[in-house]
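The values are calculated or read from the model by the stated rules, or taken from the named source; none is laboratory data. The shown structure was predicted, so the numbers you read here are calculated from the model rather than taken from an experiment. All Cβ positions, even for glycine, are placed from backbone atoms using ideal geometry, and neighbour counts span all protein chains on display. SASA here: full protein model, heavy atoms, side chains in, ligands and nucleic acids out. Shrake-Rupley method; radii C 1.70, N 1.55, O 1.52, S 1.80 Å.
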Amino acid sequence: HPPLVTPEWLHDRLDAPDIVVLDASWYLPAAGRDPAAEFRAAHIPGALRFDLDAMSDTESSLPHMLPRSDVFASRMRALGIGDGMQIVVYDGQGLFSAPRVWWMLKTFGVRDALVLDGGLPAWIAAGYPTEDGDPASRERRHFTARLDHGAVADANDVARALETGSAQVVDARSATRFRGEEPEPRPGVRPGHMPGAHNLHYASLQRDGRLKSPEELERLFAETGIDPDRPVVTTCGSGVTAAIIALALETMGRPARGLYDGSWSEWGADTARPVATGA
């Protein structure tokens with residue numbers, strides 16, 4: 001099954017006992033949005049709220065790093081999500097934070113993780129109802145988390161890929177951040193990019209909050225000088241929008257080699273790592 005589903009597809013299956021819907025809305029502080037309040041105001045009927053910050057490694061100084069497998073498993077069990085369920089993830093922006101949660105689920109061994117293309121805006125635009133209030137409580141289920149270490153790149157993996165050309169490093173941040181023309185939102189993080197990285201802004205992969213067609217994506221990758229047939233490691237500011245590139249590659253039938261979990265929050269703050277500016 002391709003990773004993206006339409007509002008129509010989800011609406012037809014909303015009452016299926018083995019489907020669970022997660023609202024994974026998360027926003028950059030500059031957006032000034034409160035995902036918890038927005039969830040209480042309107043969410044897809046029966047959806048559970050997946051709090052990206054709370055479900056990440058709360059002990060790391062870096063934002064939303066993957067937690068330990070046992071921690072992730074216990075948090076999923078508490079939500080009432082069990083093994084063998086089909087999990088559909090969406091967010092309130094269209095396609096922003098949901099791909100990160102899809103990637104987390106896949107990386108912890110969930111076989112059937114899907115993303116609602118266009119998110120809550122597309123659901124509402126299709127004329128489907130929402131509900132308000134707190135999420136329905138579910139009984140605890142058994143959830144097994146098995147981390148696929150190969151899917152998670154660290155700074156040394158990225159440095160090696162850049163030095164040897166074993167993988168293309170693709171940065172999802174905006175062109176101005178990539179070129180170092182605007183200050184980084186996190187204190188102590190230098191502006192710029194990894195020398196040798198490619199820039200493919202996550203927004204260019206979308207139209208109206210939906211992923212562009214595989215044909216358009218192929219064209220976009222080619223124009224950017226990225227060969228999707230060769231290994232790709234995705235990166236961004238903090239590991240969230242890097243997953244949008246990973247989702248795009250998955251829909252193109254060429255899954256990414258890995259995602260750099262620390263992303264620029266880690267690399268840009270580590271003075272031992274080289275930084276380039278400009279195009």
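Look at where the Cα atoms of the stretch 226-279 and of the stretch 127-170 average out, and the two centres are 13 Å apart.
Within the set of other residues whose C-beta is less than 13 Å from the C-beta of Ala159, count the net charge using Lys and Arg as +1 and Asp and Glu as -1. Display every interim value, and only then the final one.
Working: positive: Arg160, Arg273; negative: Asp154, Asp157, Glu163, Glu266, Asp270.
Result for the neighbourhood of Ala159: -3.
For the chain, what is the mean residue ellipticity at 222 nm derived from helices alone (per DSSP H run of n ≥ 4: -39500 (n - 2.57); sum divided by total residues; nearest 500 deg cm²/dmol)?
Details: 10 runs with 82 residues, N = 279.
Only helices count here, giving -8000 deg cm²/dmol.
Between Gly32, Gly239, Gly92, the Gaussian network model of the chain with springs among Cα atoms under 10 angstrom shows the greatest mean-square fluctuation at Gly32. Calculate how steeply helix 214-223 sits against the longest principal axis of the alpha-carbon atoms of the chain, using the helix alpha-carbon long axis, and give the answer as 0 to 90 degrees to the nearest 10. The answer is roughly 20 degrees. Considering only Pro228, Pro183, Pro29, the mean-square fluctuation computed in a Gaussian network model of the chain, springs between alpha carbons under 10 angstrom, is largest for Pro29.
Could you tally the net charge around Arg173, taking each other residue with its Cβ under 11 Å from the Cβ of Arg173, Lys/Arg +1 and Asp/Glu -1? Let's see the in-between values first.
Values: positive: Arg177, Arg179; negative: Asp171, Glu182, Glu184.
Its environment carries a net charge of -1.
Against the main long axis of the alpha-carbon atoms of the chain, helix 98-107 sits at an angle near 90°.
Percent of accessible area on the stretch 163-217 owned by carbon and sulfur, 1.4 Å probe? Heavy-atom surface of the stretch 163-217 belonging to carbon and sulfur, 1.4 Å probe: 51 percent. Axis of helix 242-251 versus longest Cα principal axis of the chain: the two differ by about 70°, to the nearest ten degrees.
The value of relative contact order for the chain, using C-alpha pairs under 8 Å at least six residues apart, is 21 percent. Accessible surface calculations at 1.4 Å, restricted to protein heavy atoms, place the stretch 181-279 at 43 Å² per residue.
Contact order, relative form, for the stretch 128-223: 20 percent (alpha carbon pairs under 8 Å, 6 or more residues apart, mean separation divided by residue count).
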